[in-house]
Structures are given as C-alpha cells and as structure tokens.
1. For the chain, what does the helix formula give at 222 nm: sum of -39500 (n - 2.57) over DSSP H segments with n ≥ 4, over the residue count, nearest 500 deg cm²/dmol?
2. In a Debye calculation with equal point scatterers on the alpha-carbon sites of the chain and no solvent, what is log10 I(q)/I(0) at q = 0.05, 0.09, 0.10 Å⁻¹?
3. Mind grabbing the base-10 log of I(q)/I(0) for segment 19-156 at q = 0.13, 0.17, 0.18 Å⁻¹? Debye formula, identical points on the C-alpha positions, no solvent, two decimal places.
4. Expressed as a whole number of Å, what is the distance separating the alpha-carbon centroids of segment 248-299 and segment 429-490?
5. What size of dipole, in debye to the nearest 20, comes out for the chain about its Cα centre when the only charges are +1 on Lys and Arg C-beta atoms and -1 on Asp and Glu C-beta atoms?
6. If one puts a single equal scatterer on every Cα of segment 448-519 and applies the Debye formula without solvent, what log₁₀ I(q)/I(0) results at q = 0.20 Å⁻¹?
7. Over segment 1-80, what is the relative contact order in percent, taking alpha-carbon pairs closer than 8 angstrom and at least six residues apart?
8. Give, in nm to one decimal, the length gained when the segment between Val294 and Thr258 is fully stretched (0.36 nm per residue of separation minus the Cα-Cα distance).
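The values are calculated or read from the model by the stated rules, or taken from the named source; none is laboratory data. Nothing here was measured: the structure is a model prediction, and the numbers come from that model. Positions of Cβ are backbone-derived with ideal geometry, glycine not excepted, and every protein chain shown enters the neighbour counts. Remember, those area values only see protein heavy atoms, side chains included, never the ligands or the DNA or RNA. Shrake-Rupley method; radii C 1.70, N 1.55, O 1.52, S 1.80 Å.
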Amino acid sequence: MTELNQTLPLLPLTSGVVLPGMVFTMALETDEAKAAAEAAGSVGGELVLVPHIDGRYSSVGVISKILETGELPGGPVAVVVSGLRRTTIGTAVPGTGQALWVQVDPVAEDPETPRALELAREYRAVLENILLTRGARRMAERLRDITDSSQIADLSGYSPDLSLAQKVEVLETIDLEARLRLVLGWARETLADLTLREQIKTNVEEGMEKTQREFLLRRQLEAIRKELNELDGSADEGSVDDYRSKTEGRDLPDAVRTAVLREVDKLERTSEQSPEHGWIRTWLDTVLELPWGVQSEDNLDVTAAAGILDEDHDGLNDVKERILEHLAVRKLRSDRGLVSTGPRGSGAILALVGPPGVGKTSLGESVARALGRKFVRVALGGVRDEAEIRGHRRTYVGAQPGRLARALREAGTMNPVIVLDEVDKLGADYRGDPSSALLEVLDPAQNHTFRDHYLEVELDLSKVLFLATANVAETIPGPLLDRMEVIRIDGYTEDEKVTIGRHHLLRRQLERTGLRSDEVEVSDEALRAISADYTREAGVRNLEREVGRLLRKVATKLASGAVVAPVVVEADDVRSWLGRPRFFFEAADRTSVPGVATGLAVTGTGGDVLFVEATVMDGTEGLTLTGQLGDVMKESAEIALSFVRSHAAELGIDPGAFAGKRFHLHVPAGAVPKDGPSAGVTMTTALVSLLLDRAVRPVVGMTGEVTLQGRVLPIGGVKQKVLAAHRAGLREVVLPARNGPDLEDVPESVRQEMTFHLAETVDDVLGAALDGAASDASSSPVAA
C-alpha cells in the first residue's frame, strides 16, 4: 500500500486518462515513459499516471499498479496498468535513473451517502440504456455487479462520448456527489442524442421500406394491368399509350397535337420517381381536358331567343336588341352559306355598365340560355395577379392555367358565354396588371391566338361571347374600354320595378319563405309603396330584400296562427308590416327657404338627388366650401359666385350686397365625396335665390355646367339623373339645351310624367327654377 508522502515515478499521459478501477494498456513510445516504467520496477510496481494535456499537468493523478509488461505486435514495449486511487501531486524529488519522481498524497474516498447511492443508481440506469441502444447487452448486464458508487462514477473513463478535457474534469472532481452529478448530466445528453439518432434512423429505414414496398406493388400492379389490357385491348389510364390514344382520338389543332406528342415522348423517358413525371402528366391532363374542336350549336330562332330574354328580365332593351342583332347576323350568314375565311371567330365583346342590382350578371346567364350556349362566370373583382388571366409558368410549384382556360374546361365548349364580372375593380401591383393581360383577350384581332403561360399553346377565344360587367366606366383603363362595345344600363323606373317585383322577385321570395301564391297576395300599389318609401336605388336588390322581409313576417304570422290565409297586403298595410318608411320626398321641405336648390348627380350606384345650400354672413369677402367637394366642383362654385357678382345688376341683385360679405356653399351628406362640373347651375341658382330672397320651386331639379359668361354646357348621365329625379318626386327638370336629344333614352312613361326645361343660359335656368317666375321663364318647356 502506498504510504503518505511517498515518492513515485511519474508517467505523463498525453492521449488518454486513467481513472481508479480502470485497466489500461499503453505503449511506451517515449524515453520518459520507458524511464518511468523501468523505475517502477517489474510487475507489481507502482507509478503515478498524470494527464498532460495542452501543456498542463493535471493537479490530480492516479496511483496505478503494473499488471503486465510485454511487446505489442510491431515491436513497441507496452505495459498493462490498473488504476488504484486518486492522489494529489506534490513536488519533484531526486531519484534514481532518468525518471521523474514526485511526492504523492493519496486522496481519501468520501463515504457513500443516500444521495450518492441514488445518483449512482440513476447513472447506472442511464449507462445501461446507452449500452442497450448500442447493442452491448452483455456489458449492460455486467454493470449490475458493480455496487460501489465511486467505481460507478469512474466508469465514465471508458466512455467514447467524453472528451479528454471532460475526463480530466472527472479525475479532478474529488467530491463523490459532485462527480456523480457531473457524469450523470453528460450521460443524459448522450442518451438523448442516441435516442434522436435512432429515431431518425428508424424513420429513414421505414421511409425506404415504404418506398421499396410501393415500388414493388406498383410494378406488380403494372404487370396485372398489362395482363388485363392484353385481354380487353384497352390502354392503362394515365400511361403513355393511353395519352397517345387520347391524342389520336381528339380533334386537336396541329400545333397542339405536336406539343402533346412531344410531352408524351418526354413522359416515356422520365422516371416515375422524378418530380417532372408528375408535372408532365398534370400538363397533359389539363391540355386534353380542354374542349378542342367542341362547340355548342347556337339557337338561331330569333323569336324564341327574344322570348327567353323577356321571360328572364324586364326592361334592358338595349342589351336584348344587341344580343338579337348578333343572333340575327349568325342566322343570315348560316342561311346564306357564308363561312368566315379568316381565323377570327364569330364572338362578340360587350360591356354592361350600370349601377348595382340592375341584373348585369344574371343577364349573362339569360343570354347563354337564349343562345343555347354554356355559361361561365369569371369574377375579377379584386384580382391583382396577371397570372390569374394568363396562367402561371410551368416552372412554378402548383402552377395552373389562367381563369379563361379553366372557364373553357368548365364549360366543355369553345364558344360559351363568359361573364367577366366586375371588370372595373381589377387591381394592379408588383405581380402585374390583369387589365393589361385582358387587352389580348378582348381584342377580336388577337384573341384567336391567345397563349396561356401554363399551356404554352395557342387557344382560340374568338368564338366566345364575352360579357363584361362594371358599375362605372371611368375606372376601366382606356385601351381596355376601347376594345369593348359599351351598353349602359341606367336603372329602372318605378313601373319597371313593380313589374319586376311582380314577375320575378315576389315569385322567388315566395319559394324561399315556403309560402304559396294562394296564401299571400301583394298588390301592385303595395310593391310601389315598398319601392318608393323603403328603397331608393337604381336596381332592385334592396326591393327584393324588403319583399323578402315582408313575406317572412307574413310567414311568421301564418305559422303562429295569428292570421288566416289568404293574407292581402295593400299599400296602406305596408307600414304595419315593415315599420316606418325610410325615405321621404324631402325636396319641398329643403327648398322652402331661399338659398337651397335641388341638383342631380350620378354615382356608382346610379343617379341621385343632392341639395346645394347657400348662406351669407359678415366677414372677409370670399367663399367657403364644405361637403367634401372635389377640385372640379370647387371650381364650379368659384365660377358661380364670379358670374353672380359680375352680372348682379342684370339679375336684379344690389351690387353692394357683396361688400364685406362672405358666402358659404354647403352640399349635405358630407361623408360622401362629390366632384364634377354638373352642379354649376345648381350652385348659381342657390346663390341667386339667396341674394334675391326667393325660394327655388320644390318640384324642380337641375343639372348642367355653367361658364363665366352664363352659358349652360351639356353634361353626361342624363337618363340616370332624370330617373333619380323621378324617384325623388320631382316633376320638372332643367337640362342643358344640347342634352335635349338624350331625352330619347328616358323611358316613355317617365317622360309623360315630367316636364323638361332646356336651358342655354343661366337666365333660362333661373326663369324655370325660382318661385314666382316660372310663368315668365324664357326657357322652353318640353313635355313628353
């Protein structure tokens, strides 16, 4: 046994660490090592092993005993040593031979505490799991024979997962519990790493096995299908032969057939494991699903088509006439054997522009039914990506053709009716401008060679009847609008709304509410009351909602037994069912005081009535404008005031009335932006009315642009403005004289109920508008 402060030869270790309890074989390659082994003597001699790493000796070494000496294969001398106990290294002392002798002070082992025993058991369990994971079951079983806690901790010296620095740290940790906690933490990390690697390995092996199994099953399935095909003579669906047979059986254009066969040849050379194999098959399926050479036969009976259009929609005569013209031309060319010699087809491109709820979108379906064609709707509202029109390039993952190619696939024919809904709401951003992509689609000179980015073959769209819908034409780009034949739908009259409500809306809402026509009867006067008092729109969308609300209330009463069928709803009963009216004829109240005039405007929802209020006060001379007016409307107000001031004497106004006065023009509904020059005559009339202290006649509405010389210039939207005046209860309208021909667009029933004053100058407008001066008006009243 080693005595205290005994001197022993020191053998430095540069490539390993020996811990107590370890048996270690080392080659004596250096003179220093040979000298230390020689100084220790033969078998049974002792020496101290000290790690020497990175130029530093460890402060703790291990007193070791030589168990055996000999030579390794190849000649080097080696010794087998066994670590006995830890020792601290003292100072060097003189000794015999060339070995380095040092004083050693053996370290006493700590007694085993309950905590140390618990840590030792946990560390042994972790080591067993590590060994079992690596397949060393026998070594794991031998661990169970080791019971000494210190010896269990020092087993970490054998671990291949610890670095030299970590093993030196174990050697220098004298405290038993600290040493156990140290090696336990590292062992847990090792076990977690091994578990993760094993899981990854298992997943990879399972994936490979699954792939191999699928490969074998597919080969077997191909063999079975091949045998079955040999029996019935058919080609396997999705196979190269199947694509070839589909290509030969279709009436494809020559360029398309060449492209398809080229892709089929490429598919034959591509492995099924390659991603490109799936891309090629998807492209082939998409191209072959398109209705190449398939066309619907048009219904050339003009009378029957007119009946279908009238059955589905009341009014909208301009659109119906254009569709019937298209059909009549097709019929004449067919009867006379005239065949188009050029590449362009017989399609048409129409743009239906009008306020919401007038039936633009539903008209497309009616047109398709009248022509005997398929109907497809393409919603363009909010579309910002050019690829939605032209398709995505095939290089992108998830690429697909554009909406037009998909529309043809959905229709199953090359000549459907395609409604491009909300074309005025197309957007544009960094992904492109869809409206620019539509230039080729809607150009009759180009759309017979439309090329989709995904298909990369020419697609003939010249036989398609395109119906674009929009609320306003101003937001449609000029080049795109130029390619379409614009048909304006300005809204319905009250009589037309009642007719639509009777023939369509009431019938549809009866079905939705589960009522029968013999259980409830709504009179025409009741429908007129609903339209006038509960809606104020150009279309009939809100009218249908109110009719539906009325019928739901009737259904509730019938279901609860509160009333007995049949229920008759007259005009006087509407208020009891729908509550108080939402709209009133307020022109008389608003214009009862001087300085207020009734104007007419066009909005995105149709025509509307607006009031212009004027007042004057002491202050800095000038003009204040409110009501969220645009620049053009502000300029109209400045022109109106300048005209009134410069012609004050002619108008009967005291020129001194402007001195030290500030005028204020306000257009109510301040939350709604307003712009345009057509309110010029209204502003002028309001100012003159204020200064003359004469009210504007409550039944008169007006519109027109005014100049500094007092001339009234023509404006647009006459039909929509007149219909709005009629809905608002106005019975006289002042229009620019040059807009007189536009009155032909106003429905006959409205013209009969109204009087129109065609004005060339402001004097004409004032003569017709100011109270007490109507009989002296120099304007020309025009009755229907």
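1. Per the formula, -13000 deg cm²/dmol.
2. Values, matching the q order: -0.59, -0.97, -1.11.
3. -0.71, -1.04, -1.10
4. 26 Å
5. 740 debye
6. Log-scaled intensity ratios, in q order: -0.96.
7. Values: 123 pairs, mean separation 27.5, N = 80.
This gives 34 percent for segment 1-80.
8. Value of the extension gain: 11.0 nm.
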